[in-house]
Structure formats: structure tokens, C-alpha cells
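Structure first, then comments.
The values are calculated or read from the model by the stated rules, or taken from the named source; none is laboratory data. This one's a predicted model, so the numbers in the text were calculated from it and none came from an experiment. Using ideal geometry, Cβ is built from the backbone for each residue, glycine included, and neighbour counts are taken over all protein chains shown. Note: accessible area is taken over every heavy atom of the protein model, side chains too, but ligands, DNA and RNA are not part of it. Shrake-Rupley method; radii C 1.70, N 1.55, O 1.52, S 1.80 Å.
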Amino acid sequence: MSAVTFGRTTNFDWMVFMNKFKKKVLNLLSHEPFHAFKTKEIQNQLSLPQQRYQQLKSTLRELVSENKIHRFPKNRFGMGEGIPEVIGELHVNTQGYGFVRPEKGESVFVSQKNMGQALNGDRVKVKLYATSTGKSPEGRIIEVIERATDTFVGTYHKSKKYGYMIPDDVKIQRDLVIAHGDENGAQDGQKVVCRIEHWEHYGLNPGGHVVEVLGWPDDPGVDILSIIHKHRLPLNFPKTVEKQAAAIHEDFSKEIKKRLDLRDKQMFTIDPDDAKDFDDAVSLEPMENGNWRLGVHIADVSHYVPERSALDREAGNRGNSVYLVDRVIPMLPERLSNELCSLEPNKDKLAFSVLMQLSPEAKLISYDIKPSVIHSNRRFTYTKVQDIMDGKTDDEYKTVLNDMLKLSKMMIKKRRSRGSIDFDTDEVKVVLDDKGSPVEIKKYERFASHRLVEEFMLLANETVARHVGVILRQKVENDIPFVYRVHEKPDKDEVLNMIRLARAFGIHIKAPKRITPKSLQAVSDQIQDHPARSVLSAALLRTMTKAKYSINNVGHFGLAYKFYTHFTSPIRRYPDLLVHRLLKLYHHTHPRDAKITEKELESACRTATQCEIRAQQAERDSIKAKQVEYMEQHLGDEFDGVISRIVNFGFFVNLPDYLIDGLVHVTDLQDDYYIYDETGYALLGQNTRKQYRLGQKVRVKLARVDRDENLIDFVTVED
């Protein structure tokens, strides 16, 4: 029977039609349950003619009255019921808003007014709002599940009725109120560490007390101490850990019988001038068949650190050693890092060796991965090795070093032919006096000797990862739990943005059709000779996703490796220690019978990645603090720089000699009214037509230095 009879609809047919109509509306809204639609949007989605619009409005009202859908502000409609509560970590922007990043799914935007009592880094529960279709999810924090920390570093100030602390971290948007008597002797203007004790309401500031007075901001070492506390880096080892380290015996005479004895092989370490722990030694010898046997010998930390011991737990929590500008915060106690495990010269040491047979063209033919005992013949520095290879110094190891150099160059060529990207970003070296004050800022010199060691370590890491990911996997016909160093493919839009940025610097780079290691390698090659190379290399690096540790192997995009791990630095990286343990386990136990909890291993990978990020941020902060302190003595001096970034409130100038940026604020450009051209990456003078563009060379004068905020300001100087 037709629903329409001679232009009229029966009551029964009308009811059938309306039920179908309601189902269509409900079906549409249920497919996007976390979004809210305007009536017009629903009409367009259902392709309804205009004559059905009033009918749609009536249907929506009925569905609301039946509690089947929900009416939201601004006359929007959505399912409303079951809007989820997401748990994740809060990351606050310096402007005050933030994002909650769950383990899976899209990040949730949280405005400053919806932060509640949450602070940057906290693990929180956020209630999602229904949003209009196509928009990112937004929500309100309803619970702080776990604080990232309850202690904060900042500057103490005193008023008549109470004291308060302004946090150093600009992402902490709340001052801490300190009642009189809780200041622990702190004086107005001193750097302090405070602990939150109470927070009655999100509309009020949290209250607490001073737990430690660091000193006056200009006192030697206070700036670095502030950074250490800010990033919650552990200064001292627990007594149980120190006690366990002290009790470890150095005698390993019985252990030697179980290992490959390489003490008669010629080998040596190559490290920075100021290195105190030596992770790796290298050896190279010609074989009778014309090939090379390259040995990479790594300190066997796993022999000295029992699994699940206090020593092991502390190393896992630290994740890595942290190299600040004036000190090292080690992963392991000095007894291990500088003594027992360190591959000191002229001493027998336990190691884990990767012995690789390479063709004269540096092709890997075969390999062995075995626990060993070694005897390093020499402790070389990069500078010393470079002098020998350059012919400036004669040495008994000159021949083998030159052979290593030739081999490493072939390895670089092979790696680049696969598309491996070299991120040779400039690194800063800060020279301090005996009081910790900066006396010189310069670039780290990179020699062929650095590349030589790096290539050998890269090959050893890849060989170990491929051994587990391919050879051992074939034995069990399944994936084997392992710690990989992975690097995912970058987002195409991020790469295109970087190419547009390079074009603004005057470098014409053709946008690749596909994002591959080779296409990014071509981009990297084109910016190497540009005056703003350091700025552009850093921008290219930012387009990349961060490398991380994971049991799920997705390959390493930047290095163009299908298999990669970290095996070569167990003294200073916990994942390397885990890799050593896994290799030993699979050596003695069939992978099928090895009892490994993947969940526990993945958790260790996640912790190691987080510790690595924390260490990098602390290291950058320590360098920036000393750079700013150094620049303070140059107030009023003039410099030649390059415009590195354009924003609506001015532009940043990079000083290539000091690798530091400073702001020229638009209010200091008094010769004209400047308009921000976002698409052209420029500030344009409205009357004079004067332009400030990315990559443009400018002469500036240092006008202001703010050591509390680690900021410097320039003003332009007319040529």
C-alpha cells in the first residue's frame, strides 16, 4: 500500500513515515555522538528539501521531549547521553590553554577557565563537550587523578599579610600562597622550592610552604639548581642504591671462562675530552679473505645490575644520564659508571661485543653477538684521533685509524643511498669559569672522528635489532618481545609547512609527491649551505615525529632502517641495558620459552621515552640560562644576525655565533607602522614599504636581558 494516496496521507501511513523520519535523524546523530548539530546542518546531511524543514524542527523537539536526544546551547542538537570522560596527561601552553592527551585517540582542548585545579603534567579526567561537526573535541577537567609533582621552583615574594611564590615554569599559571611562618627563612626575591599542601577551590590559588631555599638568583649555581628542581631530576642516589653499588665485587675471574676472550685484540675507546665514563670500544682487523672484521664492544652493565634490584629500579626511574651545562646527573652510581663498567684503558673489562664481517665496500656479510672480556689499549679523544688522521700527529694506531676512516666513509655513503637523513644541527658549547659563570659561547666542532664512531655504533645497533627482528623471529615464526628505537613517518602537512618556510628564506624546494626518507634527505641537503642553516635544520627537525622506545617495531624513518635499537650506551641509557638483558636471555633460552611480560616491557619503554624528553628539556634549559647570562655582559653591543621567525608582535633574530635568538618587538620599530603578513612571513611598513622577512640579515643592538624569563630583546640598528 502506498504511503501517499491521491495527494493525501492516511494516519497510519503518516505514523510510519514519521517513525522512519525519526530513525533517520537518530541514525545521523548516533554516528557522531560527541558532536552537536544545527538544524540546518541536519537538513543538509539528510538532503531534505526546504518544505521538510519545519517538520524536521518538530521532530527534533519531539526527540528532545522523549529524552532520545539533547538540546545544547546555541540551538544545537546531539545524542547528549554517554558523552565520555577521557583520562590523559594535561599539557599546558604558555598562553594558558592546554590539551589533554589520552593514550589513544584525539587530544582534547581545555581552555584556561576549564582547567579547574589541574596543573601542567597532571594526569586528569576530562568531561567532553558536544561540539559542532568537524571541530576538535573540547572539554572540562573534572578530576585530578595524579599530580605530576607537588613541588615547584620559583621566586619568593613577601607582602604585608602573606608571602607568595611565582613559579619559574610559565606553564604553571598559578602563584602559590605562602602563609607567614611557612616561608622557611626565605627572603623576598630568593629562589625557593615550594610544596602545595592545600587547594580549597579552583577559584583560589593553592597554598603551601617553602621546603628549600636555593639562594639569590645571581648566586653561582642557583640557576642550574632551579632547572634541576623544575624538571624533578634526582640529585642523589638513595642509600640502599649506594650501598648495593659499593658491595659489588670487581673480581670476575670465574666469569671470563663463560665469555669470548678478546683481550689479545687491538682496540681503543674514542670519546670527548671531558668524558669520565667509556661505554664503547672499537676494533678493526683485516681478514684473510680480504674482508674486514669490525668490532663494537659495549660495557656489560647488565652483569653488575641485577634485574629488579634497588639499583635496577633506580636506573629505570632515571631512564638516562642528564648532561647539564655544569654537571652530569648519572643514571648509575659513580662506582659503576666511572669504575666497574667503564671501559678504562689497560684493564680487563666485561663487555658485550658485536663482531661484524664487512666487505671492502662496507657490506655486512656476517656477524656474532656475544658476551666478552676485553682489554682496551688506549683512551683516545675525538680531537686526538682527528689530528692523527689529518697527519698532524704520528701514532702507532695511525694505520688502523685511517682504515676505520675509509670504512666509515663508505658506510655513510651506503646509508645515504638508502635515504638516511643527517640532522647535523649546530650544538652549543658553553665554557664556564671555576664559579660556574659563562666566559665563552661557541659551536661544538664536529670532526670526521665523530662520524667514524657514530657510523660504527649505528651499524651495531641495526645489526642487533635485525638479529632479533629477523633471525630469532624466524625460529619461533612470531614476533619476539624486544626494545626497538622507532621513528614514525612525519605528517605530510608538517613537511609542506617546512618547505614553505624554506621558500620564505629564498630556498626553492620542490614539494615531494610522497614523504620518504630520500625526499626529506633532499630537503636537508638543500639547506646546508644557507646562512640560516641552523634555523632551517632545527625547523626540519621539528617536522619530524619524536623517536621513541617501543616493543612494536615500525622502523626508523629518519635513519631509513627497518630495524633499529639502542644497544651501545648502557651506562647512560636504560633501554640499552634492557636490550643487553634480552639478548642474554634469548642466547640461553629459546625465544618461545622466554617468560617476558610484554606489558611490563612496554611500560619500561614508555618511561624511558618520558625520561629522555625530560632530560632534553633540562639540558636545553641549562644551556639557554648560561647563554642569557653570557649575553648580559654585552648589553648595548651590536651584532649581525638573521631573522629566524616572524610573529604578529615582532620578529626573532638569530645570532649565528652564539646560537641564540632574541626578539625585536614591533613597538621598537618606530620608523613606521608595521603590518604582519602571515602568508608572506614578513612585517611590512605601511608608509615606508620597508620589509622585514625571514632569512633577512639585520644588525641589532642588545637592549634588554631578563634572566628570570631567559629572554633577550634587540633593537634594530640602521646600517
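Things to note:
For (1) more than 25 Å from residue 280 (Cβ to Cβ); (2) hydrophobic (A, V, I, L, M, F, W, C); (3) buried (at least 16 other Cβ atoms within 10 Å of the Cβ), each residue gets a yes or a no:
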site: 599; (1), (2), (3): yes, no, no
site: 609; (1), (2), (3): no, no, yes
site: 646; (1), (2), (3): yes, yes, yes
site: 650; (1), (2), (3): yes, no, yes
site: 659; (1), (2), (3): yes, yes, yes
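- Check on residue 283, open to solvent by 60 Å² or more (accessible area, probe 1.4 Å), more than 23 Å from residue 575 (Cβ to Cβ) and of a type in the set (Gly, Ala, Ser): no
- Selection within region 42-53 - part of a helix (DSSP H, G or I), within 15 Å of residue 28 (Cβ to Cβ) and open to solvent by 30 Å² or more (accessible area, probe 1.4 Å): 44, 45, 46, 52
- Residue pairs whose Cβ atoms lie under 8 Å apart, separated by 6 or more positions or on different chains, with the first residue in region 286-300 and within 22 Å of residue 461 (Cα to Cα) and the second assigned to a loop (DSSP other than H, G, I, E, B) and open to solvent by 50 Å² or more (accessible area, probe 1.4 Å), are 291/360; 292/360; 295/265.
- Flag for residue 653 being touching a residue at least 60 places away in the same chain (Cβ under 8 Å) and closer than 21 Å to residue 547 by Cα: no
- When restricted to residues that are assigned to a helix (DSSP H, G or I) and open to solvent by 20 Å² or more (accessible area, probe 1.4 Å), region 387-396 contains 2.
- Members of region 397-420 found to be in a loop (DSSP other than H, G, I, E, B) and either over 20 Å from residue 564 (Cα atoms) or open to solvent by 60 Å² or more (accessible area, probe 1.4 Å) (or both), listed by number: 397
For every residue, the table says whether it meets (1) in contact with a helix residue (DSSP H, G or I) (Cβ under 8 Å, 6 or more places away or on another chain); (2) part of a strand (DSSP E or B).
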position	(1), (2)
661	no, yes
667	no, no
675	no, yes
683	yes, yes
687	no, no
692	no, yes
695	yes, no
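- Set 708, 671: member being surrounded by fewer than 15 Cβ atoms within 10 Å (Cβ to Cβ), of a type in the set (Asp, Glu) and over 30 Å from residue 220 (Cβ atoms): 671
- Whichever residue in region 421-433 is at pLDDT below 90 and part of a loop (DSSP other than H, G, I, E, B) and, among such residues, is most open to solvent (accessible area, probe 1.4 Å): 427
- Selection status of residue 324, within 17 Å of residue 350 (Cβ to Cβ), buried (at least 17 other Cβ atoms within 10 Å of the Cβ) and not charged (D, E, K, R): no
- Scope region 223-275; condition out of contact with any helix residue (DSSP H, G or I) (no Cβ under 9 Å at 6 or more places or on another chain), more than 29 Å from residue 296 (Cβ to Cβ) and either surrounded by fewer than 16 Cβ atoms within 10 Å (Cβ to Cβ) or not aliphatic (A, V, I, L, M) (or both); matching residues: 229, 239, 247
- For region 472-480, the criterion of being closer than 30 Å to residue 406 by Cα and touching a residue at least 60 places away in the same chain (Cβ under 8 Å) is met by none of the residues.
- Hits in region 375-386 (condition: open to solvent by 40 Å² or more (accessible area, probe 1.4 Å) and either assigned to a helix (DSSP H, G or I) or not polar (S, T, N, Q) (or both)): 375, 378, 379, 383, 384
- From the list 547, 594, the one residue that fits, being touching a Gly at 6+ places or on another chain (Cβ under 8 Å), among the aliphatic types (A, V, I, L, M) and modelled with pLDDT under 95, is 547.
- Search result, residues across region 531-544 that are at pLDDT 80 or above and not in a helix (DSSP H, G or I): 544
- Residue under evaluation residue 200, criteria (1) touching a strand residue (DSSP E or B) at 6+ places or on another chain (Cβ under 9 Å); (2) surrounded by 15 or more Cβ atoms within 10 Å (Cβ to Cβ), criterion not met: (2)
- Every pair of residues 6+ apart whose Cβ atoms lie under 6 Å, when the first sits in region 360-374 and is over 15 Å from residue 458 (Cα atoms) and open to solvent by less than 60 Å² (accessible area, probe 1.4 Å) while the second is among the aromatic types (Phe, Trp, Tyr) and not in a strand (DSSP E or B): none
- The listed residues are 29, 56, and the only one of them that is at pLDDT below 85, within 23 Å of residue 78 (Cα to Cα) and not in a loop (DSSP other than H, G, I, E, B) turns out to be 29.
- Region 135-156, subset open to solvent by 50 Å² or more (accessible area, probe 1.4 Å) and either in a strand (DSSP E or B) or touching a Pro at 6+ places or on another chain (Cβ under 6 Å) (or both), residue nearest to residue 188 (Cα to Cα): 146
- Put simply, of 503, 514 the only residue that is without any contact (Cβ under 8 Å) to a residue 12 or more places away in the chain and in a loop (DSSP other than H, G, I, E, B) is 514.
- Taking the criterion of being modelled with pLDDT of 90 or more, open to solvent by 20 Å² or more (accessible area, probe 1.4 Å) and not aromatic (Phe, Trp, Tyr), the residues of region 437-454 that qualify are 437, 439, 440, 448, 450, 451, 454.
- Residue in region 567-590 that is touching a Phe, Trp or Tyr at 6+ places or on another chain (Cβ under 8 Å) and of a type in the set (Phe, Trp, Tyr) present: yes
- Residue in region 455-467 that is within 25 Å of residue 379 (Cα to Cα), surrounded by 13 or more Cβ atoms within 10 Å (Cβ to Cβ), acidic (Asp, Glu) and free of Cβ contacts under 8 Å to residues at least 40 places away in the same chain present: no
- Residue that is surrounded by the fewest Cβ atoms within 10 Å (Cβ to Cβ), among those in region 563-597 that are of a type in the set (Lys, Arg) and closer than 18 Å to residue 481 by Cβ: 595
- Odd one out for residue 679, checked against (1) without any contact (Cβ under 8 Å) to a residue 12 or more places away in the chain; (2) assigned to a strand (DSSP E or B): (2)
- Counted residues, region 657-697 - those being within 28 Å of the chain's Cα centre (by Cα) and of a type in the set (Ser, Thr, Tyr): 2
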